[in-house]
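The values are calculated or read from the model by the stated rules, or taken from the named source; none is laboratory data. Being a predicted model, the structure only gives us computed values, none of them experimental. Neighbour counts are summed over all protein chains in view; Cβ atoms, including those assigned to glycine, are modelled from backbone coordinates with ideal geometry. All accessible areas refer to the heavy atoms of the entire protein, side chains included, with ligands and DNA or RNA removed. Shrake-Rupley method; radii C 1.70, N 1.55, O 1.52, S 1.80 Å.
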Amino acid sequence: MQRVVKRLCFWLLLIAMSACSCFAQKALTWQEVRDKFEAANPTLRAGQIGIDESRAQEITANLRPNPNLTILADQIDPFNGGPAHGPFAYLLASGSVNFLWERQHKRGLRLESAQKGTAVVTSSQADLERNLLFNLRGAFVATLQERALLDLAKENLAYYDHVLDVNRERYKAGGIAQVDLKRLELQRVQYLSDLQTAEVNLRIAKIQLLMLLNDQTPVEQFDVIGPFDFAEQIPPLTDVRQAALDTRPDLRAALQSVDKAKTDYRLAVANGSTDPVLGFDIGRNPPIDTYVGFNVSIPLRIFDRNQGEKRRTQLDIDRNDRLAAATRAQVFNDVDSAYATVNSTVILLKPYKNQYLEEASSVRDTISFSYQHGAASLLDFLNAQADYRSVQVNYLNLVASYMSAASQLNLAVGREVIQ
């Protein structure tokens, strides 16, 4: 009987472990989050359809004009009168084919304009992705920040509980007064509040990240992982500026718009030229059994009906030139501002990492030891605890500010220059 019970417990344990593994989900790295976002975000997918629509317009722009077929049956005489004849005795039957001959490479220019329009749409889609990835990176960093704050809150609470246990023993031994113990127990509420706040903030950050991923996974089964730290060295400003000029999709789209405007102007000039209509006909006209003929129809350009479009497209070149210059200036502004923010944050973080964190931990441990042995006051102990907590929270917030500023710099450049 005992053997049966043991086997039953073993199988129940296996089932429970399998259920836990089914509900658990591997924490996603930044690259995995990004890949999932690019595959599932509805805004990006809608933008990709816009590119496909633009490519479809290229097919339309490259269409050749269709020839026109005309079939004529004339001189049908069903009426009585005159010499005897049948209704089709004098039938004039003919057929003609007319074809518009486009001159000055109109079809090629239409195709070129459509292709350059697709290039602009593609660059605009890349710019949309750049901005959406910035929002995604911000949500990812916020999740890492709230997780770090949660870990810190757990650590502080565990440390404080240990101190409380020690001081309860001291109280029992008569080492401290009851009022001091109660003040210590009341102070625990602050650390418990920090823990609850960190848990709620982490949950909210995960919800926002799931929304961007268009993912319906329960929050409890979703998690991310990644380094929550800063790099002391950042690339030189000149290299970052050049990378932005080479990479920024909105600047590339502005330059492509200038090129497309020039092609549109050439197309407008070409559309002002006359296109002849070439014709061929064949028929029968009694007493001629069969005949053939050719014709050419040429519009007379007495009035230039395309001068407005020529002027408009010429002005469009200047307009896009100025917009490109404005975009270039905006690129430098974005890069310089983001670079200054990153550099400033690194300057603030270095003393924290090299000095303040260690000093805050050392002061807390020293004052705690001194208080437990009666060499420090309760106020000194509480102040040391508060200072340690404040330094740690400030450091984590500064790291999050650095990662956000680095994300802003990556947004300004158009690619990741700081991981």
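Can you spot a residue in the stretch 328-348 that is in contact (Cβ under 8 Å) with a residue 12 or more places away in the chain, buried (at least 16 other Cβ atoms within 10 Å of the Cβ) and within 29 Å of residue 384 (Cβ to Cβ)?
yes
Would you point out the residue of the stretch 148-162, among those that are within 14 Å of residue 197 (Cβ to Cβ) and open to solvent by 60 Å² or more (accessible area, probe 1.4 Å), that is farthest from the chain's Cα centre (by Cα)?
Top of the filtered list is 154.
Is there any pair with a first residue in the stretch 112-138 that is without any contact (Cβ under 8 Å) to a residue 12 or more places away in the chain and a second that is of a type in the set (Asp, Glu) whose Cβ atoms are under 7 Å apart and which are 6 or more apart or on different chains, and what are they?
none
Take the residues of the stretch 90-142 that are outside any helix (DSSP H, G or I) and open to solvent by 60 Å² or more (accessible area, probe 1.4 Å): which is farthest from residue 265 (Cα to Cα)?
At the first step, the residues of the stretch 90-142 found to be outside any helix (DSSP H, G or I) are 90-105.
Filter once more, keeping what is open to solvent by 60 Å² or more (accessible area, probe 1.4 Å): 90, 97, 99-101, 103-105.
Values: 90: 54, 97: 33, 99: 26, 100: 22, 101: 21, 103: 16, 104: 13, 105: 13 Å.
Of everything passing the filter in the stretch 90-142, 90 is farthest from residue 265 (Cα to Cα).
Does at least one position in the stretch 173-184 carry a residue that is out of contact with any Gly (no Cβ under 7 Å at 6 or more places or on another chain), among the basic types (Lys, Arg), in a helix (DSSP H, G or I) and touching a residue at least 40 places away in the same chain (Cβ under 8 Å)?
Yes, the stretch 173-184 contains a residue that is out of contact with any Gly (no Cβ under 7 Å at 6 or more places or on another chain), among the basic types (Lys, Arg), in a helix (DSSP H, G or I) and touching a residue at least 40 places away in the same chain (Cβ under 8 Å).
I'd like to check something: does the stretch 238-261 contain any residue that is of a type in the set (Lys, Arg), over 23 Å from the mean Cα position of the chain (by Cα) and surrounded by fewer than 17 Cβ atoms within 10 Å (Cβ to Cβ)?
no
Select from the stretch 64-86 the residues that are open to solvent by 100 Å² or more (accessible area, probe 1.4 Å) and in contact (Cβ under 8 Å) with a residue 12 or more places away in the chain and write down the one among them that is nearest to residue 110 (Cα to Cα).
Among those residues, the one meeting the criterion is 64.
Give the stretch 394-419 a look and list any residue that's out of contact with any helix residue (DSSP H, G or I) (no Cβ under 7 Å at 6 or more places or on another chain) and open to solvent by 30 Å² or more (accessible area, probe 1.4 Å), or say none.
Passing the criteria: 394, 397, 419.
Restricting attention to the stretch 208-230, which residues are under 30 Å from residue 337 (Cβ atoms) and surrounded by 14 or more Cβ atoms within 10 Å (Cβ to Cβ)?
Within the stretch 208-230, 208, 209, 212, 213, 224, 226, 228, 230 meet the criteria.
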